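Q: Just dropping this structure here.
Every read-out reported here was derived from the displayed coordinates using simple, explicitly stated rules and does not represent laboratory data. These numbers come from a predicted model, not from an experiment. Every residue, glycine among them, receives a Cβ derived from its backbone with ideal geometry; neighbour counts consider all protein chains shown.
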């Protein structure tokens with residue numbers, strides 16, 4: 001069975017078996033405006049205690065590591 005890969009435009013690939021949550025991020029401040037439509041994540045943005053209660057908090061042992069695969073690119077205006 002092939003591994004599942006999600007493709008988000010413009011050019012963004014990630015593996016839901018590694019990052020199983022998607023977070024929407026919007027920032028409007030005096031010095032910045034940004035929008036992240038779907039940001040792959042290991043938890044949702046409700047805060048540590050809420051995420052811990054839902055079982056979304058990942059804990060690494062001392063000297064542990066977390067690895068995920070992503071491929072990110074951009075399209076030129078002509079390609080978009």
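Q: Looking only at region 35-52, count how many residues are surrounded by fewer than 13 Cβ atoms within 10 Å (Cβ to Cβ) and within 18 Å of residue 70 (Cβ to Cβ).
A: 2
Q: Just one of the numbered conditions (1) in contact with a strand residue (DSSP E or B) (Cβ under 8 Å, 6 or more places away or on another chain); (2) farther than 21 Å from residue 13 by Cβ; (3) outside any strand (DSSP E or B) is not true of residue 27; which one?
A: Result: residue 27 fails condition (3) only.
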